[in-house]
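Just below is one structure, and these are the notes that go with it.
The values are calculated or read from the model by the stated rules, or taken from the named source; none is laboratory data. What you see is a predicted model; the values in this text were computed from it and never measured. All Cβ positions, glycine included, derive from the backbone under ideal geometry; neighbour counts span all protein chains shown. Ligands, DNA and RNA are stripped out before the accessible areas are found, and what is left, the full protein with its side chains, is counted by its heavy atoms. Shrake-Rupley method; radii C 1.70, N 1.55, O 1.52, S 1.80 Å.
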Amino acid sequence: MTRRRIGWIAGAAAAVLVAAGAATYAVAEGSGGPSELKVPGAESADAGFARDMAVHHQQAVEMSYIVRDRTTNADVRRLAYDIAQTQANQRGMLLGWLDLWELPKVSAKPPMAWMGMGDMPERGDGSLMPGMATNTELKKLQSLSGKQAETFYLQLMTDHHKGGIHMAEGCVATCTVGVEQRLAQGMVDAQQSELQVMAGMLKERGAKPRS
């Protein structure tokens, strides 16, 4: 059941990426030509989401490759690979849009300012946004193996997905570029499905999400 479920999620994520990739070209050309290109401002929700989610996704990719080296469990390795590939591709799209819009990839404003959460206290230790693991937690993941690594990865990624969904929902509500809103909604849908899978995998290991 878990294997079929993971396979379905991977297929759905691939469909989102294909659709978003096609739409990226449409954004570049505009529906009626280059003159119709819609360029958001540097401090817009569109730009803020692209910058912040690129950073958020990069950590998910990093955690997923760490656990693939720390376990031989086929289901966990398959899930980690799917997450890494999906989020690396999405990250490329987000950074590509910033290039297309000729906007900076960094901002002087704090993370989440585009959501009105710029004054939110950070966890620190490398955790810049909701759901992100700390550097200490990443080092711990690297020190574990087998079932312990699987369980801790699933707990970290559960937190990560919850934070990512919150951010993506913010883009769906406030971004103005349609293709970016659709990609954000695809993130919400896929990560909510993965949360269900990870809850089941944690239960199989006699564990629960941390929150």
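Residues that are without any contact (Cβ under 8 Å) to a residue 60 or more places away in the chain and either touching a Pro at 6+ places or on another chain (Cβ under 9 Å) or at positive phi (or both) within the range 148-196 comprise GLN155, THR158, ASP159, LYS162, HIS166, LEU195, listed in sequence order. Put simply, of ALA88, ALA108 the only residue that is of a type in the set (Gly, Ala, Ser) and within 30 Å of GLY146 (Cβ to Cβ) is ALA88.
Only residues that are closer than 17 Å to LEU156 by Cα, open to solvent by 40 Å² or more (accessible area, probe 1.4 Å) and in contact (Cβ under 8 Å) with a residue 40 or more places away in the chain were counted in the range 42-98, giving 4.
The residues of the range 160-209 that are surrounded by 21 or more Cβ atoms within 10 Å (Cβ to Cβ) and polar (S, T, N, Q) amount to a single one, GLN191. The condition (being closer than 28 Å to VAL67 by Cα, at pLDDT 95 or above and of a type in the set (Lys, Arg)) is satisfied by just one residue among ARG91, ARG123: ARG91.
Looking at MET157, MET120, can you tell me which residue is aliphatic (A, V, I, L, M), buried (at least 17 other Cβ atoms within 10 Å of the Cβ) and either in contact with a helix residue (DSSP H, G or I) (Cβ under 6 Å, 6 or more places away or on another chain) or closer than 25 Å to ARG51 by Cβ (or both)?
Values: MET120 fails: buried (at least 17 other Cβ atoms within 10 Å of the Cβ).
Sole residue among the options that is aliphatic (A, V, I, L, M), buried (at least 17 other Cβ atoms within 10 Å of the Cβ) and either in contact with a helix residue (DSSP H, G or I) (Cβ under 6 Å, 6 or more places away or on another chain) or closer than 25 Å to ARG51 by Cβ (or both): MET157.
Filter the range 40-72 down to the residues that are among the polar types (S, T, N, Q) and either under 11 Å from the mean Cα position of the chain (by Cα) or under 26 Å from ALA108 (Cβ atoms) (or both) and list them by number. If the condition is that a residue be among the polar types (S, T, N, Q) and either under 11 Å from the mean Cα position of the chain (by Cα) or under 26 Å from ALA108 (Cβ atoms) (or both), then SER44, GLN58, GLN59 are the ones that fit. When VAL16 is tested against (1) surrounded by 19 or more Cβ atoms within 10 Å (Cβ to Cβ); (2) assigned to a helix (DSSP H, G or I); (3) of a type in the set (Val, Ile, Thr); (4) modelled with pLDDT of 50 or more, just one condition goes unmet, and that condition is (4). Within the range 50-81, the set of residues being closer than 17 Å to SER127 by Cα and hydroxyl-bearing (Ser, Thr, Tyr) comprises just one member, SER64.
The set of residues from the range 123-136 being in contact (Cβ under 8 Å) with a residue 24 or more places away in the chain and over 20 Å from ALA50 (Cβ atoms) comprises just one member, ALA133.
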